[in-house]
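Taking it in order: structure first as structure tokens, then the write-up.
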Amino acid sequence: MWFLYWLFIKFYFFFVSLASLWRKDARKWKEGRIDWKNKLEEKIKKLNPDNKKSIWIHVSSLGEFEQGRSLIEEIKKYKPNEFICLSFFSPSGFEIQKNYALADLVCYFPSDNSDDVTQFLDLLNPKLAIFVKYDFWFNTLKELHQRAIPYFFISMHLSEQSYLRKKIFKSLLNELRYAEQLFLQTKENYEFLYSQGFTNIEVCGDTRLDRVIQIRDNDYKLEKIEQFIAHSDVLILGSSWSTEIKLLHEIIDLPSLNSWKIIIAPHLPDSLHISEIENSFLQHTCRYSKLDVKKQILIIDEVGILSKLYKYADLSFIGGGFGKGIHNTLEAIAHLSPVCFGPHYKKFPEAIQFIEQGIGFEVNNSQDLFKLLQASKNHNLKNNIQVKIECWIKDNRGATNKIFNEIKSILT
């Protein structure tokens, strides 16, 4: 299996590089890794001239960064002089957080090819490595183990479809036995790994919840939003794609929706996608940058405020559920907003829990969405759901402190 994995990695990174000929994201990925070793060496000489050991935190993209962020803050609070290196796999996450203030160095993870791994670890000189969720690079993990560098996985999750649950990949799964600790999101993951003989496992939940609660608890007002919504019921489409827009379009002219104000935050807030939304709803819309309180639909054309918008939601329709998978539901839940999403949510343990608890709802068509909007006007039902959300938050918050207390001994 190790030979097949080695072969897979060779082909995988080759094909990502090849895809840069026609895919913009792959091109950014390739360009970000050109001459990576010399660039990283120069950065480290400048930022860490004494070559002191680092804490290396690796995330795949922006969502995983948000899961690791609260832990980085705790580490910096406890040991402000620790040299923290934050690496990204995807260009989308790197481009947005390349200037993140609490990381001393932000860079790309070059690849899991053995030569790159060796050179990368030589440069970082880590005393500890932390991986977020499920970015499993097994040549890297093997090298960390051989160098006796402890590593952890936080907010780890193996969905039922994960390749690591298949017998053919058992030797790769076994590599995770050498982790110092695997901090898992769900009891089901714990039971699966326990059945495989793992002892370095603990259920801690999702650290991202601590982050969104932190955002929620900041005292803020969005005055333009408050002017727009006045005293209306509010539906927020968060990180929406074309299918969510289409479902809304099918019901927007129904009389019972007249009392609703609708805020759309497109997943890609560029001029092309914003124009598509405007063309779908014609005279109904205005942009956040050109507020018109008489309009029914507000399109957010500014990055970075979505997590705050949910404060005003009576119902949040989270995008991505008709594609590869839903986007961040926790930001809405933190504000006690019921959530709904398309059918592709099975990879996300929190979404499954929301469905089971009756605080999240599956939407397959416009009629499903319409029924939820109607139900959201029932104040007794809404209050009941909010109580359930508060209970869920109380039971699931605090993962960051649990994990930090476990790794604190390595930092002393």
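The values are calculated or read from the model by the stated rules, or taken from the named source; none is laboratory data. Please read all numbers here as calculations on a predicted model, not as lab measurements. Cβ coordinates were reconstructed from backbone atoms using ideal geometry, including for glycine residues, and neighbour counts include every protein chain displayed. When the accessible area is computed, the model is the full protein with side chains, heavy atoms only, and any ligands, DNA or RNA have been set aside. Shrake-Rupley method; radii C 1.70, N 1.55, O 1.52, S 1.80 Å.
Does any residue in the stretch 116-140 that is on the phi > 0 side of the Ramachandran plot come within less than 9 Å, Cβ to Cβ, of a residue that is open to solvent by 10 Å² or more (accessible area, probe 1.4 Å) and of a type in the set (Val, Ile, Thr) six or more places away or on a different chain, and which pairs are these?
Sorted first by the residue in the stretch 116-140, then by its partner, the pairs are ASN125/ILE44.
Restricting to the stretch 260-294, count the residues that are of a type in the set (Ser, Thr, Tyr) and open to solvent by less than 50 Å² (accessible area, probe 1.4 Å). Let's see the steps before the verdict.
If we filter the stretch 260-294 for residues that are of a type in the set (Ser, Thr, Tyr), which is where we start, we get 271, 275, 280, 285, 288-289.
Those left that are additionally open to solvent by less than 50 Å² (accessible area, probe 1.4 Å): 275, 280, 285, 288.
Count: 4.
Looking at the stretch 29-41 only, could you name the residues that are among the charged types (D, E, K, R), in contact with a helix residue (DSSP H, G or I) (Cβ under 8 Å, 6 or more places away or on another chain) and crowded, with 16+ Cβ neighbours inside 10 Å?
Within the stretch 29-41, LYS30 is the sole residue that qualifies.
Report, ordered by the first and then the second residue, all pairs with beta carbons closer than 7 Å, sequence separation of six or more or different chains, a first member in the stretch 372-399 that is at pLDDT 90 or above, and a second member that is open to solvent by 80 Å² or more (accessible area, probe 1.4 Å).
From residues that are at pLDDT 90 or above, the pairs are LYS388/GLN357; TRP392/GLN357.
Can you name every residue in the stretch 182-227 that is open to solvent by 20 Å² or more (accessible area, probe 1.4 Å), among the hydroxyl-bearing types (Ser, Thr, Tyr) and assigned to a loop (DSSP other than H, G, I, E, B)?
Result: THR199, TYR220.
Is at least one residue of the stretch 170-177 closer than 24 Å to GLU331 by Cα, at pLDDT below 95, hydrophobic (A, V, I, L, M, F, W, C) and not in a loop (DSSP other than H, G, I, E, B)? Lay out the reasoning, then the answer.
In the first step, residues of the stretch 170-177 are kept if they are closer than 24 Å to GLU331 by Cα; the result is none.
Checking the stretch 170-177: not a single residue is closer than 24 Å to GLU331 by Cα, at pLDDT below 95, hydrophobic (A, V, I, L, M, F, W, C) and not in a loop (DSSP other than H, G, I, E, B).
Within the stretch 42-55, can one find any residue that is buried (at least 16 other Cβ atoms within 10 Å of the Cβ) and in a helix (DSSP H, G or I)?
yes
Could you say whether any residue in the stretch 233-242 is more than 19 Å from ALA313 (Cα to Cα), out of contact with any Lys or Arg (no Cβ under 8 Å at 6 or more places or on another chain) and not in a loop (DSSP other than H, G, I, E, B)? Before the answer, list the steps.
First pass over the stretch 233-242, keeping only residues more than 19 Å from ALA313 (Cα to Cα): 242.
Narrowing the set further to residues that are out of contact with any Lys or Arg (no Cβ under 8 Å at 6 or more places or on another chain) leaves 242.
Those still in the list that are not in a loop (DSSP other than H, G, I, E, B) too: 242.
Checking the stretch 233-242: at least one residue is more than 19 Å from ALA313 (Cα to Cα), out of contact with any Lys or Arg (no Cβ under 8 Å at 6 or more places or on another chain) and not in a loop (DSSP other than H, G, I, E, B).
Restricting the search to the stretch 129-169, which residues are open to solvent by less than 10 Å² (accessible area, probe 1.4 Å), closer than 19 Å to ILE9 by Cα, in contact with a helix residue (DSSP H, G or I) (Cβ under 6 Å, 6 or more places away or on another chain) and among the hydrophobic types (A, V, I, L, M, F, W, C)?
Within the stretch 129-169, PHE138, LEU141, LEU164 qualify.
Taking the stretch 257-292, which residues are assigned to a strand (DSSP E or B) and under 26 Å from ILE96 (Cα atoms)? First the steps, then the outcome.
At the first step, the residues of the stretch 257-292 found to be assigned to a strand (DSSP E or B) are 260-266, 285-287, 290.
Result: ILE263, ILE264, ALA265, PRO266, ARG287, LYS290.
Collect the residues in the stretch 56-106 that are in contact with a Phe, Trp or Tyr (Cβ under 9 Å, 6 or more places away or on another chain), among the small types (Gly, Ala, Ser) and surrounded by fewer than 17 Cβ atoms within 10 Å (Cβ to Cβ), keeping them in residue-number order.
Matches in the stretch 56-106: none.
Considering only residues that are modelled with pLDDT under 90 and of a type in the set (A, V, I, L, M), look in the stretch 251-303 and name the one that is nearest to SER240 (Cα to Cα).
Restricting to residues being modelled with pLDDT under 90 and of a type in the set (A, V, I, L, M), the top hit is LEU268.
When only residues in the stretch 3-25 that are farther than 18 Å from TRP137 by Cβ, assigned to a helix (DSSP H, G or I) and of a type in the set (A, V, I, L, M) count, which is least open to solvent (accessible area, probe 1.4 Å)?
First pass over the stretch 3-25, keeping only residues farther than 18 Å from TRP137 by Cβ: 18-25.
Then drop every residue that is not assigned to a helix (DSSP H, G or I), which leaves 18-19, 24-25.
Remaining after also requiring of a type in the set (A, V, I, L, M): 18-19.
Numbers: LEU18: 65, ALA19: 15 Å².
Within the stretch 3-25, the match that is least open to solvent (accessible area, probe 1.4 Å) is ALA19.
Check off (1) in contact (Cβ under 8 Å) with a residue 60 or more places away in the chain; (2) under 18 Å from PHE228 (Cβ atoms) for ILE297 and give me the number that stays unchecked.
With (1) in contact (Cβ under 8 Å) with a residue 60 or more places away in the chain; (2) under 18 Å from PHE228 (Cβ atoms) applied to ILE297, the lone miss is (1).
Is it true that LEU336 is in contact with a helix residue (DSSP H, G or I) (Cβ under 8 Å, 6 or more places away or on another chain), open to solvent by 30 Å² or more (accessible area, probe 1.4 Å) and assigned to a loop (DSSP other than H, G, I, E, B)?
Answer is yes for this residue.
Might you let me know whether the stretch 353-375 holds any residue that is under 21 Å from GLU66 (Cβ atoms) and either among the polar types (S, T, N, Q) or open to solvent by 10 Å² or more (accessible area, probe 1.4 Å) (or both)? Quick ask: steps written out before the conclusion?
From the stretch 353-375, those under 21 Å from GLU66 (Cβ atoms) are 353-354, 359-360; that's our starting set.
Checking the rest, the ones that are also either among the polar types (S, T, N, Q) or open to solvent by 10 Å² or more (accessible area, probe 1.4 Å) (or both) come to 353.
Yes; the residues of the stretch 353-375 include at least one that is under 21 Å from GLU66 (Cβ atoms) and either among the polar types (S, T, N, Q) or open to solvent by 10 Å² or more (accessible area, probe 1.4 Å) (or both).
Let me confirm something: among LYS324, LYS246, LYS295, which residue is in a loop (DSSP other than H, G, I, E, B), within 20 Å of PHE341 (Cβ to Cβ) and of a type in the set (Lys, Arg)?
LYS324
Within the stretch 388-412, restricting attention to residues that are open to solvent by 80 Å² or more (accessible area, probe 1.4 Å) and over 25 Å from the mean Cα position of the chain (by Cα), which residue is farthest from LEU182 (Cα to Cα)?
The qualifying residue farthest from LEU182 (Cα to Cα) is THR412.
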